[in-house]
Amino acid sequence: MRMLVVGAGEVGTYIAGRLVREGHDLIVLDKSAAAVERLRDLDVAAVEGDGTRPEVLRENGVRSVDLVLAVSNDEATNLVACGFAMRMGAARTVARLSSSNRTPEDERLAREAFGIDAVINPDEEAAREIAGLLEGRQVTDSAEFDQGRVRLVGVRVDEESPLANQNLSDIRTIHEGANVLVVGIVRDGATIIPRGDHRILPGDRVYMIGARAELEYFLRRADSAGRARRVLIVGGGSVGERVAARLEKTGASVRVLERDPDRSALIADVLERATVLQGDGRNLSELRESGVQDVDGFVAVSGDEETNIMSALLARHLGARKVIALVKRPDYIPVLQEIGLDAAVNPRLTAAAAILRFVRRGHIMQVTAFMDLDAEVLELATAETARIIGKPLRDVKFPRDAILGGHMRGEEFSIPDGETVLEPHDRVIVFALPSAIPKVEKLLS
């Protein structure tokens with residue numbers, strides 16, 4: 001696929017790196033010569049230029065591209081670039097919106113006014129990820145498919161985990177036929193596409209898929225801490241408000257600690273059941289007064305990265321069971337997990353993962369990528385002419401570096417096995433390393 005990317009910041013660079021490995025043809029535009037220079041190590045055409053100028057878009061072949069991704073740090077640049085690109089003949093456009101106070105109605109208006117196919121709000125994507133992480137003590141990643149009916153989660157395995165030292169083929173037997181499937185294992189930084197004889201070891205991060213209700217039931221059995229029911233959120237900005245609103249819908253008891261009195265009053269009116277407190281998340285005594293020692297979920301999502309890190313470490317010290325922080329620098333994330341945080345979320349990179357969903361065309365419905373995972377998860381619809389149609393999966397030569405993890409027909413979800421026979425327009429979920437993705441696409445289209 002031929003793509004034009006406007007913006008070579010964190011999001012643009014991350015996306016370019018992912019797409020280049022899959023063989024896509026990319027041109028990346030940025031006004032900054034330094035940003036363009038940083039892309040020289042990637043096999044992309046990096047061009048210094050202003051994506052809001054029609055002549056620059058024209059010179060870089062906007063009329064012939066399949067997709068324009070406007071992902072700069074400036075919202076106006078992204079909207080204008082997509083507006084011009086659409087009118088100049090680009091097949092599809094996606095824009096990243098950076099304003100934190102954008103509402104769904106604002107996003108709809110932006111799509112209509114500028115003719116954009118999709119807009120991505122980093123705050124909403126970060127809130128979605130954080131809410132998913134609070135599903136269990138050991139959950140490190142979360143994604144939804146089939147309009148939320150199917151979930152994939154990453155789970156950290158420690159010495160006490162009931163998953164530790166088990167063969168994959170034994171998990172359903174031991175856990176009373178749990179209808180979930182392990183589709184990926186991360187061990188020592190390497191991603192493994194597992195088979196039935198693979199053994200889960202302490203220290204692994206395991207990715208598993210299942211229908212929402214069954215996966216949540218399995219997580220409750222495999223993770224004694226379970227979903228966070230009492231949550232303290234430090235930071236009442238856009239992300240904090242969105243996380244609190246999502247948690248309210250699950251019945252969780254939510255408290256929000258916000259330093260600014262005006263913002264505290266505003267979100268107290270917006271949220272339905274959450275308790276809003278005014279205070280500083282860096283203050284040990286104020287954290288205690290907020291009841292941090294009694295919560296099973298702590299989320300630091302203020303606009304200041306240092307505040308988030310400091311308050312999260314204090315919360316861990318005071319006894320919070322699961323601690324999550326919002327950070328701007330992705331290179332901090334592995335270090336923070338080593339020193340005591342359960343998870344760290346980078347809104348720019350969660351937005352990048354969301355943008356990747358729109359990169360595919362044809363029968364691919366969704367693509368999900370995790371920040372430190374060398375694999376992607378694809379939701380696809382089987383074409384009428386697909387070679388995989390009409391034969392048992394045991395007779396299909398499926399790419400070795402991929403695994404078919406879920407099968408949906410109508411509203412029914414199942415874990416496929418060797419006897420499963422796919423029909424046209426079925427939907428499947430595939431966990432694949434980048435090298436296998438073109439083979440998967442060819443097999444199912």
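The values are calculated or read from the model by the stated rules, or taken from the named source; none is laboratory data. Keep in mind it's a predicted model, so treat the numbers as computed, not measured. Positions of Cβ are backbone-derived with ideal geometry, glycine not excepted, and every protein chain shown enters the neighbour counts. Heavy atoms of the whole protein, side chains included, go into the accessibility calculation; ligands, DNA and RNA do not. Shrake-Rupley method; radii C 1.70, N 1.55, O 1.52, S 1.80 Å.
Per the conditions (1) in contact with a Gly (Cβ under 8 Å, 6 or more places away or on another chain); (2) buried (at least 21 other Cβ atoms within 10 Å of the Cβ), the sole criterion not satisfied by Gln293 is (2). Kindly indicate whether Ile429 is open to solvent by less than 40 Å² (accessible area, probe 1.4 Å) and touching a strand residue (DSSP E or B) at 6+ places or on another chain (Cβ under 6 Å). It is true that Ile429 is open to solvent by less than 40 Å² (accessible area, probe 1.4 Å) and touching a strand residue (DSSP E or B) at 6+ places or on another chain (Cβ under 6 Å). For region 1-71, the helices (runs of 4 or more DSSP H) that sit wholly inside it and include 1 or more residues that are within 22 Å of Ile437 (Cβ to Cβ), of a type outside the set (Gly, Ala, Ser) and touching a residue at least 60 places away in the same chain (Cβ under 8 Å) are 10-21. Taking Arg282 as meeting all but one of (1) part of a loop (DSSP other than H, G, I, E, B); (2) open to solvent by less than 60 Å² (accessible area, probe 1.4 Å), write down the number of the exception. If we test Arg282 against (1) part of a loop (DSSP other than H, G, I, E, B); (2) open to solvent by less than 60 Å² (accessible area, probe 1.4 Å), just (2) comes out false.
Scanning region 122-160 for residues that are assigned to a strand (DSSP E or B), open to solvent by less than 20 Å² (accessible area, probe 1.4 Å) and not small (Gly, Ala, Ser) turns up Val139, Thr140, Asp141, Phe145, Val150, Arg151, Leu152, Val153, Val155. Residues in region 300-318 that are of a type outside the set (A, V, I, L, M, F, W, C) and either part of a helix (DSSP H, G or I) or farther than 15 Å from Asn283 by Cα (or both): Gly303, Glu305, Glu306, Thr307, Asn308, Ser311, Arg316, His317.
Can Leu215 be described as more than 13 Å from Asn167 (Cα to Cα) and either out of contact with any Ser or Thr (no Cβ under 8 Å at 6 or more places or on another chain) or open to solvent by 40 Å² or more (accessible area, probe 1.4 Å) (or both)? So Leu215 passes the test.
Restricting to helices (runs of 4 or more DSSP H) lying wholly in region 166-277: which have 2 or more residues that are at pLDDT 90 or above and of a type outside the set (Phe, Trp, Tyr)? Give the steps one after another, and end with the answer.
Numbers: elements: 168-174, 212-222, 238-249, 261-270.
Ranges flagged: 238-249, 261-270.
Of all the listed residues (Gly12, Gly17), the sole one being buried (at least 19 other Cβ atoms within 10 Å of the Cβ), of a type outside the set (A, V, I, L, M) and either under 20 Å from Thr350 (Cα atoms) or in contact with a helix residue (DSSP H, G or I) (Cβ under 6 Å, 6 or more places away or on another chain) (or both) is Gly12. Take the conditions open to solvent by less than 20 Å² (accessible area, probe 1.4 Å), under 19 Å from Lys31 (Cβ atoms) and within 20 Å of the chain's Cα centre (by Cα) and apply them to Val71. Does it pass? Here the answer is yes, as Val71 does meet what is asked.
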